[in-house]
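To start, the structure under review is shown below, and the notes come after it.
Just so it is clear, none of the values below were taken in a lab; they were calculated from the coordinates. Remember, predicted model here, so these are calculated numbers, not experimental data.
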Amino acid sequence: MPTKEMVLELAGATVIKSPRRKRTSSWCWADGHLVLRVPARTSHREILRLIELARQRATAPPRRLASDATLEHEAAELNARYFGGVLPLRSIRYVTMTTRRGSCTPASGEVRISRQLASVPPWVRQAVIHHELCHLLEPGHGPAFQALLARYPLYQHAEDYLRLLERGTPVGAFPLSEEERQALLALLDQTGALPELRARLANDTATSC
Ligand SMILES: [Zn+2]
């Protein structure tokens with residue numbers, strides 16, 4: 001087993017074979033040049049597949065925007081799952097907001113969500129919808145509200161994601177470190193929530209760096 005990193009040029013990319021990596025691969029772009037890091041034993045064929053995957057991701061069209069209909073669907077699911085379907089929600093729609101993620105008028109049962117959230121991953125947007133739905137029962141942000149909020153298991157992760165996003169991380173390019181990926185997987189296993197996201201995380205050995 002080699003103990004030193006091996007660097008090779010392959011299909012226009014720089015490939016670093018690292019004996020310290022056990023299972024996971026990662027890549028990054030340096031001035032438009034692809035740099036791929038893989039475990040030392042990765043096959044030639046697998047390396048070529050990862051190079052192809054990295055290039056596909058880089059040229060992938062922007063994430064599709066979620067519509068008002070998607071919002072309604074997501075709100076109905078959250079209402080059913082975390083509130084037994086009892087919330088008096090009358091309407092939910094996107095509006096243009098620059099300083100807030102969403103707003104809620106409990107008296108009329110209306111929820112508005114910032115249009116900027118149309119392009120974030122569904123589990124992040126759903127955390128914001130969930131926040132506004134909680135306001136239908138609790139107008140303030142006190143302990144009773146926090147207890148309702150905690151029903152959505154990924155709330156804290158979504159909060160972290162949104163904070164990074166609001167600090168300027170581009171949408172859709174939020175990288176998960178291997179440690180974060182494992183933590184999120186463990187959390188999803190515990191709660192049984194979001195099986196689709198769990199499957200994607202479990203299969204996604206290559207994360208952008
Ligand atoms: Zn609030």
Computed [θ] at 222 nm, deg cm²/dmol, the chain (DSSP H ≥ 4; -39,500 (n - 2.57); rounded to nearest 500): -13000 deg cm²/dmol
Once amide hydrogens are built 1.01 Å from N within the peptide plane, the residues lying 5 or more places from Y94 or on another chain with amide H under 5 Å from its amide H are I113
Under the 0.36 nm per residue contour assumption, what length would be gained going from the current alpha-carbon distance of A144 and R23 to full extension? 39.2 nm
Please report the relative contact order for region 6-59, taking Cα pairs under 8 Å with a sequence separation of at least 6, and give it as a percent rounded to a whole number. 32 percent
Taking the DSSP beta bridges in the chain as the whole, what percent of them are antiparallel, to the nearest 5? 50 percent
Cα-based helix-to-principal-axis angle, 155-166 vs the chain, degrees rounded to 10: 70 degrees
At q = 0.19 Å⁻¹, what log₁₀ I(q)/I(0) does the chain have when each alpha carbon counts as one equal point scatterer in the Debye sum? -1.36
Between 0 and 90 degrees, rounded to the nearest ten: what's the tilt of helix 68-83 against the longest Cα principal axis of the chain? 80 degrees
Kirkwood hydrodynamic radius, region 68-166, all distinct C-alpha pairs: what's the number in Å? 13.3 Å
